[in-house]
Amino acid sequence: MDDLIAELAGALGEANVLVSEQDQAPFLTDWLGKYRGAARAVVRPGSTTEVAAVMRICARHKIPVVPQGGNTSMSGGATPDTTGDAIVLSLMRLNSIRNIDAISNTIVVDAGVVLAKVQQAAQQAGRFFPLSLGAEGSCTIGGNLAANAGGVAVLRYGTMRELTLGLEVVLADGRIWDGLTALRKDNTGYALRDLFIGSEGTLGIITGAVLKLFARPHARATAFVAVQDAAAALNLLPAVRDRCGDRLTAFEFMTGECLALILHHIGDARLPLAAMPPAAVLIELSDQDDEPGLRERLEAALIDSVEAGLVLDAAVAQDVTQAKAFWHIREGVSEALVREGKAAKHDVSIPVSAMADFVTSTDAAVRAAAPGIRPIVFGHLGDGNLHYNLLPAEGQTPADFAAIAPDLTRIVHDEIVRRRGSISAEHGIGQLRVGEMKLRKAPLELELMHQLKHLLDPAGLLNPGKLLPASPTN
Ligand code: FAD
Ligand code: MLT
Ligand code: ZN
């Protein structure tokens, strides 16, 4: 056993320092199966003080550290590189709900708590935690924070950053920053909390958080709506919002090609419409009570929109089972893409009003560059966030597709930059977009980010190769 492993085992116990290939395997590949890395060890601390001990040992030995939660990153953010120099620091054993305060409307949790467990704990306390995404059964609060996760209820409740009041963070040198305050107002200087949120494990290890809770919505109304295209969907958005106001919780878009892919690969997904539409929107409203009233409100908005020529057909869920079946279609998309083969994934953000124009011109541009290419477009239209995925043309080999994928990404991101958008809305830069980050971020922004990185991680040990290009200039 070398010195490093012995010291880590001394701090955490041998059972929590995984060195065998077999034990490490689940931690070294990403959910999409795109990256495979190597590590000197996978360590599994069980408390904040144990995380601090790991960081002190790694700082002394100059060992890179890759933090990992549920390992559901869509950008290779939690996968180490292939050198085998780093350790993977799994937060999954930090899994306690520390406190729920119904009056302050807050919950304090360890970073390794799985998102679904936080939702359940809030529910048991008669409260509601709104972050919701397809990976909620396995992703962790620490990963949600490090990635500033979005999901399907951002329209009403905001992203993870907007749902967070306080953080506890272990710094690169092992010091613990206790920022676990539950304050809604605090004007005492720079918002350090917001610096760590979205930093993808490159500035510190998040070990705990104070999150906001909300009143539980007892009523929901869900509709699966056929539309002609993204332009019709965009016009439907204000029409629904005008009738339903803040009750509008989700507004999720899928093209017909995307729906066909889901129905093909997800055996128990059933289209609730008479015919396959050119595109569809999944709409959800939520409110404190009066489910029949809520449904009537949604139906009225849809009837108006049929008359205005925006809606081709619609199914409104009559009970929870039907609503779940609608969501099952939407939630099947990531799995369907993986089963179809490796897609070139883009997670773009643009002003909401520019989205239809973006889809039309990007479709035309990628099809001109790569005849037969298959855009699979879906996402959180109401947030101005689309997942613009590209699948190879029928019969194209993975190697041929891989060779042109960077050019296609360039085309997609050119369309984004033209509209003053962002190359990542919610999945983060990870290792997937580091090259594009260098091209698309202003030099001044990159320079400031590097300075912050140097301040908090002078030896560059925290999640190297992720988020930031090696230097601002080369
Ligand atoms: P990991 O994948 O383990 O890590 C993510 C990043 O955070 C890595 O950079 C890692 O180093 C860092 N990290 C993890 N824990 C910590 C910590 N405690 N301290 C510091 N850094 C840390 N994302 C969305 O935003 N919206 C969606 O709708 C959405 N849907 C998804 C659906 C599916 C089926 C899947 C597989 C993923 C989806 N994602 C979505 C992406 C992903 O689930 C989220 O980004 C999630 O927030 C990651 O959490 P995790 O615990 O799995 O983090
Ligand atoms: C989603 O919205 O379903 C996701 O962010 C996951 C994906 O893009 O595959
Ligand atoms: Zn998404």
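The values are calculated or read from the model by the stated rules, or taken from the named source; none is laboratory data. All of these numbers come straight from a predicted model, not from anything done at the bench. Virtual Cβ from ideal backbone geometry, glycine too; neighbours counted across all protein chains shown. Ligands, DNA and RNA are stripped out before the accessible areas are found, and what is left, the full protein with its side chains, is counted by its heavy atoms. Shrake-Rupley method; radii C 1.70, N 1.55, O 1.52, S 1.80 Å.
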Of A39, A116, which residue is aliphatic (A, V, I, L, M) and more than 16 Å from ligand 2 (Cβ to nearest atom)?
A39
Can you tell me which of E426, E415 is modelled with pLDDT of 95 or more, buried (at least 21 other Cβ atoms within 10 Å of the Cβ) and not in a helix (DSSP H, G or I)?
E426
Taking the stated definitions as given, is N187 polar (S, T, N, Q) and open to solvent by 10 Å² or more (accessible area, probe 1.4 Å)?
yes
Check whether at least one residue in the stretch 232-242 is outside any helix (DSSP H, G or I) and surrounded by 15 or more Cβ atoms within 10 Å (Cβ to Cβ), and report yes or no.
no
Is it the case that the stretch 440-449 has a residue that's touching a residue at least 40 places away in the same chain (Cβ under 8 Å) and either among the aromatic types (F, W, Y) or part of a helix (DSSP H, G or I) (or both)?
no
Could you tell me whether any residue of the stretch 127-145 is more than 24 Å from D347 (Cβ to Cβ) and more than 9 Å from ligand 1 (Cβ to nearest atom)?
yes
Hey, could you check the stretch 243-270 for residues that are buried (at least 19 other Cβ atoms within 10 Å of the Cβ) and more than 16 Å from ligand 2 (Cβ to nearest atom) and say which is nearest to the chain's Cα centre (by Cα)?
L248
Which of the following residues is small (G, A, S), within 27 Å of the chain's Cα centre (by Cα), over 24 Å from D178 (Cα atoms) and surrounded by 24 or more Cβ atoms within 10 Å (Cβ to Cβ): S73, S90?
S73
So which residues in the stretch 402-449 are within 16 Å of ligand 1 (Cβ to nearest atom), on the phi < 0 side of the Ramachandran plot and of a type outside the set (D, E, K, R), if there are any at all?
S422, I423, S424, A425, H427, I429, Q431, L432, V434, M437, M449
Search the stretch 42-61 for residues that are part of a helix (DSSP H, G or I) and pair each with any residue that is of a type in the set (D, E) and open to solvent by less than 50 Å² (accessible area, probe 1.4 Å) when their beta-carbon atoms are under 7 Å apart and the residues are at least 6 apart or on different chains.
T48/E168
Pairs needed: first member in the stretch 224-246, in contact (Cβ under 8 Å) with a residue 12 or more places away in the chain and over 21 Å from V377 (Cα atoms); second member anywhere, open to solvent by less than 70 Å² (accessible area, probe 1.4 Å) and aromatic (F, W, Y); C-beta distance under 9 Å; at least 6 residues apart or different chains.
V240/F251
Qualifying residue in the stretch 380-389 (condition: on the phi > 0 side of the Ramachandran plot and surrounded by 14 or more Cβ atoms within 10 Å (Cβ to Cβ))
yes
Just one of E284, E307 is surrounded by fewer than 17 Cβ atoms within 10 Å (Cβ to Cβ) and either within 30 Å of R127 (Cβ to Cβ) or free of Cβ contacts under 8 Å to residues at least 40 places away in the same chain (or both); which is it?
E307
Matching entry among L145, L163 (being closer than 19 Å to G77 by Cα and out of contact with any Asp or Glu (no Cβ under 6 Å at 6 or more places or on another chain))
L145
Which of the residues belonging to the stretch 146-167 are within 10 Å of ligand 1 (Cβ to nearest atom) and either touching a Gly at 6+ places or on another chain (Cβ under 6 Å) or at pLDDT below 95 (or both)?
A146, A147, N148, T159, L167
P67: passes all of (1) more than 16 Å from ligand 2 (Cβ to nearest atom); (2) more than 20 Å from L12 (Cβ to Cβ); (3) open to solvent by 20 Å² or more (accessible area, probe 1.4 Å) but (2)
Kindly list the number of the only condition in (1) part of a loop (DSSP other than H, G, I, E, B); (2) within 16 Å of ligand 3 (Cβ to nearest atom) that fails for D186.
(2)
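Rundown of residues vs (1) within 20 Å of G33 (Cα to Cα); (2) within 18 Å of the chain's Cα centre (by Cα); (3) open to solvent by less than 30 Å² (accessible area, probe 1.4 Å); (4) small (G, A, S), yes/no style:
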site	(1), (2), (3), (4)
L337	yes, yes, yes, no
P351	no, no, no, no
A364	no, no, no, yes
R367	no, no, no, no
L391	yes, no, yes, no
Evaluation of L12 against (1) without any contact (Cβ under 8 Å) to a residue 12 or more places away in the chain; (2) open to solvent by less than 70 Å² (accessible area, probe 1.4 Å); (3) not small (G, A, S) (one fails), failing number:
(1)
Condition first: touching a residue at least 40 places away in the same chain (Cβ under 8 Å) and polar (S, T, N, Q). Can you find one or more residues in the stretch 187-201 that meet it?
yes
Pairs with Cβ under 6 Å, 6+ apart, first in the stretch 327-338 and at negative phi, second near ligand 2 (Cβ under 9 Å from one of its atoms) and open to solvent by 30 Å² or more (accessible area, probe 1.4 Å):
E331/G134; S334/G134
Yes or no: R156 among the basic types (K, R) and within 23 Å of the chain's Cα centre (by Cα)?
yes
